[in-house]
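So the structure is just underneath, and the comments pick up after that.
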Amino acid sequence: MSVKPLVMKVSEHRCLLYSVAMILGTSVQELETAVGHRGDPPKGHHFVEFIKPARSIGYTLCYVPVMPVNISSEGHHPVYTQVQARQKLEDWLAKNYCVILGKNKRGVGHAVAWFRTHGIDPSGGDRFTNPYALLDIEAILIRF
């Protein structure tokens, strides 16, 4: 699959839409139409909105938090240690096209597209190889 970087205008805040469009190999306009709105602030987009459009073109999207937990009557119990969680994350990133979700260096929520060995930031189209360089990663949205 040839990846075409999709770059937002400076004033746009639709990084999730652009990142999902990149990993699905579709246009922003087609995905926007399938979701039913542009995602402009303050509403934005939620990852759940992209599940049905992805399925309609043959993909499944799976949301995976970086530090998964089991919820029991006593509260939250980590499924993995932080070292194990990071290794699992790196395994997923090495094998899949994903959207990485997290907070940027200013503490603002952001999403970038990841293509097994490199990522593309829709805010400027920059290509990067270190998934930890741009974001404090909170979760990934994996394309299967």
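The values are calculated or read from the model by the stated rules, or taken from the named source; none is laboratory data. As the structure is a prediction and not an experimental result, all values here were calculated from the model. As a convention, Cβ positions derive from the backbone with ideal geometry for all residues, glycine included, and neighbour counts pool all protein chains shown.
Observations
- Considered as a group, the residues in segment 96-121 that are within 19 Å of VAL7 (Cβ to Cβ) and small (Gly, Ala, Ser) include one that is surrounded by the fewest Cβ atoms within 10 Å (Cβ to Cβ), and that residue is GLY109.
- For segment 28-54, taking the residues that are basic (Lys, Arg) and farther than 19 Å from VAL7 by Cβ, the one that is surrounded by the most Cβ atoms within 10 Å (Cβ to Cβ) is identified as LYS52.
Results for (1) over 15 Å from ILE140 (Cβ atoms); (2) touching a Leu at 6+ places or on another chain (Cβ under 6 Å); (3) at pLDDT below 95; (4) not aromatic (Phe, Trp, Tyr), shown as yes or no for each residue.
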| residue | (1), (2), (3), (4) |
| --- | --- |
| PRO41 | yes, no, yes, yes |
| ARG55 | yes, no, no, yes |
| LEU89 | no, no, yes, yes |
| TYR97 | no, no, no, no |
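- Filtering segment 121-135 to residues that are touching a Pro at 6+ places or on another chain (Cβ under 9 Å) and not in a loop (DSSP other than H, G, I, E, B) leaves only ARG127.
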